[in-house]
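Novice: Here it is, the structure, as structure tokens.
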Amino acid sequence: DRDLRLLIASVATRRVVMACLQVMRNLYLYSIGFDLVAIGLLATIAMVVGAVRSGAIGILSDRYGRKPFIIVGGILSAVRLFIYATSVDFTLLAIAQGVGAFGEGAGAGQPSVSGIIADKSTQSDRTKIFSVFAFTNALAAMVGSLIASTPKTIQMLWLVSETQSYQSLFWVGVFFSILSFLLVIPVNEDTPNKPSSRTSRSLLPTKSLPIIYRFSFVRAVGGF
């Protein structure tokens, strides 16, 4: 399916950025003089926003479509990296963390992406398609992690400071984030079915609550 291929390419470019950022973000913050408490606070901002984001995007994308949230996510990711590339101010970086964490709702495994995969696959091939996405994301994460290992090489080749070498990689991330949402624009998505005014709809599907509780517990343990 053409749309799934475009989505794979979009999510892979996002995964390159996220893996690169995961490796070098704290190293960069430490290199510009932030202590471990400040770095921990910035990480906490992303976690809190991420918790709210997952639930909100899951509910809203069911009602208004997944594609808009994936596109907005790519834009917000680019905004975060732009701030990282141009500022060392703690307040601005805190804002960047919040903006970027909300943008990560368009990443692999998030409701907006998983919803489109489920919509565009049959029950018989859905597991295979999710496996292809997982494999592609793993390869993209390897690439991102390798990119994050290049600041020392950039310093030697371009004769720049350690901070500038990190910031140059943030600009690379801006490019990949823009590319990620451009790849999603041609994707065709069916208009979601809106519940009638006479139909009451709960935030969570009642029949799914038991498995949601179990998976939530497992993810909570892993997150801790």
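Novice: Test of understanding: what is the full-extension gain from Arg2 to Val88, defined as 0.36 nm times their sequence separation minus their Cα-Cα distance? Show your work: numbers first, answer last.
Specialist: Details: separation 86, 0.36 × 86 = 30.96 nm, distance 4.11 nm.
Once the chain is fully extended between Arg2 and Val88, it gains 26.8 nm.
Novice: Rule-of-thumb check for the chain: C-alpha Rg over 2.2 N^0.38 Å? Provide the component values of the computation, followed by the final result.
Specialist: On the way: Rg = 18.8 Å, N = 224, 2.2 N^0.38 = 17.2 Å.
Ratio of Cα Rg to 2.2 N^0.38 Å: 1.09.
Novice: What value, in deg cm²/dmol to 500, does the helix sum -39500 (n - 2.57) over DSSP H runs of n ≥ 4 give at 222 nm once divided by the residues of the chain?
Specialist: On the way: 9 runs with 170 residues, N = 224.
Value at 222 nm, helices only: -26000 deg cm²/dmol.
Novice: Let me see the P(r) profile for the stretch 1-59: every Cα-Cα distance counted, bins of 5 Å, each bin given as a percent of all pairs.
Specialist: 4, 15, 14, 18, 20, 13, 8, 5, 2, 1
Novice: Based on the Kirkwood radius over alpha-carbon pairs, what value in µm²/s does the Stokes-Einstein equation return for the translational diffusion coefficient of the stretch 28-70 at 10 °C and 1.306 mPa s? Walk me through the numbers before you get to the answer.
Specialist: Values: Rh = 12.3 Å.
In µm²/s, the coefficient rounds to 129.
Novice: While we're on this one: Using a Gaussian network model of the chain whose springs link C-alpha atoms within less than 10 Å, name the residue from Gly73, Gly115, Gly173 with the highest mean-square fluctuation.
Specialist: Gly115
Novice: Of Thr150, Thr86, Ile212, which is farthest towards the positive pole of the chain's charge dipole, taken about the Cα centre with +1 and -1 on the beta-carbons of Lys, Arg and Asp, Glu respectively?
Specialist: Comparing the listed Cα positions along the dipole, Ile212 ranks first.
Novice: How big is D for the stretch 56-97, in µm² s⁻¹ as a whole number, if Stokes-Einstein is applied with the Kirkwood radius of its Cα pairs at 20 °C and 1.002 mPa s? Intermediate values should be presented prior to the final figure.
Specialist: Details: Rh = 11.5 Å.
After rounding, the answer is 186 µm²/s.
Novice: Here's a follow-up. Specify the residue with the greatest mean-square fluctuation among Val174, Val143, Val48, computed from a Gaussian network of the chain linking alpha-carbon atoms under 10 Å apart.
Specialist: Val48
Novice: Something else now. Take every Cα pair under 8 Å in the stretch 103-192 that's 6+ residues apart, average their separations, divide by the length, and report that relative contact order as a whole percent.
Specialist: Details: 25 pairs, mean separation 13.3, N = 90.
With pairs under 8 Å counted, the relative contact order is 15 percent.
Novice: Right, something else. How long are the semi-axes of the ellipsoid equivalent to the stretch 85-189, from square roots of 5 times the Cα gyration tensor eigenvalues, in whole Å, largest first?
Specialist: Values: eigenvalues 217, 61, 25 Å².
Ellipsoid half-lengths, sorted descending, are 33, 17, 11 Å.
Novice: Relative to the present Cα-Cα distance, how much length would full extension add between Leu36 and Asp190 at 0.36 nm per residue of separation?
Specialist: Working: separation 154, 0.36 × 154 = 55.44 nm, distance 4.63 nm.
Stretched fully, the Leu36-Asp190 segment lengthens by 50.8 nm.
Novice: For every other residue with a beta carbon closer than 12 angstrom to the beta carbon of Leu183, add +1 if it is Lys or Arg and -1 if Asp or Glu, then tell me the sum.
Specialist: Values: positive: Arg2, Arg5, Arg14, Lys67; negative: Asp3.
Spelling it out: positives minus negatives among the neighbours equals +3.
Novice: Expected output is a single nm value to one decimal: the length gained when fully extending between Trp158 and Lys207, i.e. 0.36 nm times separation in residues minus the C-alpha distance. What is it?
Specialist: Details: separation 49, 0.36 × 49 = 17.64 nm, distance 5.83 nm.
Taking 0.36 nm per residue and subtracting the Cα distance, the gain is 11.8 nm.
Novice: Note down the nm distance, to one decimal, between modelled labels 7 Å out along Cα→Cβ at Ala51 and at Val132.
Specialist: Result for the modelled spin labels: 3.7 nm.
Novice: Tell me the relative contact order for the chain as a rounded percent, counting alpha carbon contacts under 8 Å between residues six or more apart.
Specialist: On the way: 250 pairs, mean separation 81.9, N = 224.
The normalised contact order for the chain reaches 37 percent.
Novice: Given springs between every Cα pair under 10 Å in a Gaussian network model of the chain, which of Val11, Val79, Val88 has the largest fluctuation?
Specialist: Its mean-square fluctuation being the largest, the pick is Val88.
Novice: Could you state the principal axis extents of the C-alpha atoms in the stretch 22-149, from the largest down, to the nearest angstrom?
Specialist: Largest to smallest, the principal-axis extents are 53, 32, 22 Å.
No value in this document is a laboratory result; all are computed from the given coordinates. Values in this document were obtained by computation on a predicted structure and should not be read as measured data. So basically every Cβ, Gly included, is an ideal-geometry build from the backbone, and we count neighbours across all protein chains shown.
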